[in-house]
Structures are given as C-alpha cells and as structure tokens.
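The values are calculated or read from the model by the stated rules, or taken from the named source; none is laboratory data. As the structure is a prediction and not an experimental result, all values here were calculated from the model. In this analysis, Cβ positions are derived from the backbone assuming ideal geometry, glycine residues included, and neighbour counts consider all displayed protein chains.
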Amino acid sequence: MKDQLISEISKQLNIAETAGTESLCKAIYSTTGKMALASIWDHPEDEKFVSIQHFKKRAAQVLDAYLSIYPEAGHRFPLDRSGIIEDIYETYRRNGFFYHSSHRLYPAAPSTGGMGQCALYRGVPPEKPCYMSGLGLYGVTKAAEHSQSAAEMFEMQKQPLSDYLQEVLASNDWNEVEWPDDTEFLRLKPPFSRGYWQEKPDKVETPSMARYGAPNKLYAFYRCLNGHFEQKAIPTWRVDDFRTIGQPGYGEYRRIACGLLEAAQQLPPVAVKFSPNHIVSIKLGYRLPPAEEDFFKLYSWPINYDITQKTPQVFQREMSKIVYPVFKQHLESIGYRFVEE
C-alpha cells in the first residue's frame, strides 16, 4: 500500500524512482511544497487570503505525515524540521508564488514561461496537473515559443556580469582612503572555502571590492595606484537584496563579486553530472547572486535536508533533466561556464 502511494506520487510529479531513499525523499520534499502551496486556496469565500502560519502549519503536517509513513526516510531529515519548513516558505515567497501583507498570503496571478519543451508555472490552481523539480512546478509542452523567458518570469537580471560590473564601476569618483580597522577585502583567488573576504587588500591596480562598518555595511571598489589605496563608493541599492525582509540583506554584492571574479578569470565553473534517472547533479564553486540562487533553490532538490540559516544548502543540489537546460541557458547568457564531471 505505502509502496503504491509513493509510486503514484512520483509518477504524478515525474520523479524517477530509484533504489534507496533518494527518490523517496525527493517525492516527500516536493509533495510537501505542493500541498503547502495548495493551502493558499483554503481561504473562505468572503476572504481571499490565508495566514502565513496556515501555510507553514500545512507544510509541517504533510512532512510529518509522510515521514511517519516512510520512517526509512527519516534519517535524511532533521528532528527539528522548523528550518526546512521556513526554507520552503522563503523559497516560494522570494520567487513570487504569493502576495503577502500583514501576515496574510494571497495567491499570485497565474504566470508561465520557459524554454523549448519546458514550461514553468507559478500561481496555478492546485487542481492543475504539474510535474515538479524540487519545489518548482513545470510541464512538458510541444510549443517551442513561450510568452516570456525564465529570467523575465522570475525577475533575474539578463545583463551579463561583465557589462553590469562596468556599469557599476562607471558611477562615482575614486578617492584616497585609509581603511577602518574592520575593513574586509574580497578574495579574488581560490580557495573560496576559506571565505569570500580576507583581512588584507590586494596591492593591484585592477579594481576589487571592500566592505566595512557595523551594523550597516558600506561597500566600495578599491585599487592601489602608485602605492596609495583609492576607493569608489558603491551605492547601497546596488548591494541590497530587495527580497530580504527584516534585517539588512546585502546579497547583491555577490553579483558584483562574480563580475570581478569573471574579469580576473577566477569565477569557478558550474560542475554538472548527469544521472541515468533523469536527474542532473549541480555543484557550484561560488554562491550565485540572489535572484539566480532563488531560482536554483526553487527548481532543485537539496542533497542534505538539514536546512538552517547556517546550512542553507545553496552549493550542491539536484535538478530535473527537463528543467536543467532553462537554468543552464540563463547562467551561460550572463557569463557562467558549465563543465561536465
């Protein structure tokens, strides 16, 4: 009975079944997201919203229910599942799957886009049959043309990293600077596993990036000219992650950082490995800019389901082979390289 249940779910979501618990966990994770999304349509006729708590509670109930039916998958998920529930909510919120205000959630307007045979969906009613890659909804279509690209649908920047870097560098003037004690300098050479920032500046004429200040960070380009350091302020709105709520989010600095790394020919490639079960393993050597990371998280499964703020699972994930070309095309269009392992 339980084998038949998960087989039916996997078939509906187009998740290939494999030995072990990997495909089982994928089906549980995707179903949790799908049922949580469906809860947004639970509103009574005289209201058009549900509470944020209603969404999160539904996700927790579904996840707990499936892990009680399939205890063999339990070791892949943490005992405290609040982190993964929050991550599911945030992934959908940041990708525009609902409107929210005053703790209320409203279903987003229906939207579709994509590339080739892959059609991406958002805001569709629960009864619409959809395949899933991670938390993302998609379908297979014979139509070669789409009303919009994935970049347009999910508000990802279409400007290449190199062009964007030159645009930001063109504003403001260079001024001599003496660095505050808390200044950090962008690391322009691997290993990036040691962190993206270093204590000492690089004494080169080629522009790099620095940051300082607390609690609010100030970001600036810097260079060393004739033995003197100069800086050029980066406007705050260029580093602000506008999708962050509450505390300051400076995630957009990564778009500038990736542009600097690309200019220095140090931007790590995206490593991919194709599996026979229609899954593509994707391994990043550097965190993506926020909008691209949001799309990556939406349309992929984590390798490790122990998701917290300290372990956001943003470097290594798995994606449906059908959705992967959409992801690859966008990243290549802005300057990323892909290598097959």
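Residue check: is LYS142 of a type in the set (Lys, Arg), free of Cβ contacts under 8 Å to residues at least 12 places away in the same chain and surrounded by fewer than 16 Cβ atoms within 10 Å (Cβ to Cβ)? No: the conditions fail for LYS142.
Scan the stretch 68-78 and give yes if some residue there is crowded, with 18+ Cβ neighbours inside 10 Å, under 21 Å from PRO312 (Cα atoms), touching a residue at least 24 places away in the same chain (Cβ under 8 Å) and among the aliphatic types (A, V, I, L, M), otherwise no. The answer is yes, given that some residue of the stretch 68-78 is crowded, with 18+ Cβ neighbours inside 10 Å, under 21 Å from PRO312 (Cα atoms), touching a residue at least 24 places away in the same chain (Cβ under 8 Å) and among the aliphatic types (A, V, I, L, M). If you go through the stretch 264-283 and keep only what is surrounded by 19 or more Cβ atoms within 10 Å (Cβ to Cβ) and either without any contact (Cβ under 8 Å) to a residue 12 or more places away in the chain or under 25 Å from ARG187 (Cα atoms) (or both), you end up with LEU267, VAL270, ILE282. Specify the residue that is surrounded by the fewest Cβ atoms within 10 Å (Cβ to Cβ); the eligible residues are those in the stretch 200-235 that are among the polar types (S, T, N, Q) and at pLDDT 95 or above. Within the stretch 200-235, the match that is surrounded by the fewest Cβ atoms within 10 Å (Cβ to Cβ) is THR206. Among residues of the stretch 5-29 being under 23 Å from CYS130 (Cα atoms), aliphatic (A, V, I, L, M) and not in a helix (DSSP H, G or I), the one that is farthest from the chain's Cα centre (by Cα) is ALA16. Which members of the stretch 204-219 meet the condition of being in contact (Cβ under 8 Å) with a residue 40 or more places away in the chain and part of a strand (DSSP E or B)? Within the stretch 204-219, SER208, MET209, ARG211 qualify.
Condition check ((1) small (Gly, Ala, Ser); (2) in contact with a helix residue (DSSP H, G or I) (Cβ under 9 Å, 6 or more places away or on another chain); (3) more than 24 Å from ILE303 (Cα to Cα)) across all residues:
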site: PHE77; (1), (2), (3): no, yes, no
site: ASN95; (1), (2), (3): no, yes, no
site: SER111; (1), (2), (3): yes, yes, yes
site: GLY134; (1), (2), (3): yes, yes, no
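Is it the case, given these coordinates, that SER193 is surrounded by fewer than 18 Cβ atoms within 10 Å (Cβ to Cβ), in contact (Cβ under 8 Å) with a residue 40 or more places away in the chain and small (Gly, Ala, Ser)? Spelling it out, it is not the case that SER193 is surrounded by fewer than 18 Cβ atoms within 10 Å (Cβ to Cβ), in contact (Cβ under 8 Å) with a residue 40 or more places away in the chain and small (Gly, Ala, Ser). Restricting attention to the stretch 213-249, the residues that are of a type in the set (Lys, Arg) and more than 29 Å from SER102 (Cα to Cα) add up to 2. Against the test of being outside the structural domain of PHE327 (by TED's automatic domain parsing), farther than 30 Å from TYR89 by Cα and touching a helix residue (DSSP H, G or I) at 6+ places or on another chain (Cβ under 7 Å), the options VAL168, VAL204 yield a single qualifying residue, VAL168. Checked against (1) over 15 Å from LEU186 (Cα atoms); (2) among the hydroxyl-bearing types (Ser, Thr, Tyr); (3) over 18 Å from the mean Cα position of the chain (by Cα), TYR222 meets all criteria but (1).
Is it true that some residue in the stretch 30-44 is of a type in the set (A, V, I, L, M, F, W, C), farther than 24 Å from VAL140 by Cα and not in a helix (DSSP H, G or I)? Within the stretch 30-44, none of the residues are of a type in the set (A, V, I, L, M, F, W, C), farther than 24 Å from VAL140 by Cα and not in a helix (DSSP H, G or I).
With the structure loaded, tell me whether PRO201 is assigned to a loop (DSSP other than H, G, I, E, B), within 22 Å of the chain's Cα centre (by Cα) and of a type outside the set (Ser, Thr, Tyr) or whether it fails that test. No: the conditions fail for PRO201.
Within the stretch 49-61, work out how many residues are modelled with pLDDT of 95 or more and surrounded by 20 or more Cβ atoms within 10 Å (Cβ to Cβ). Matching residues across the stretch 49-61 total 3.
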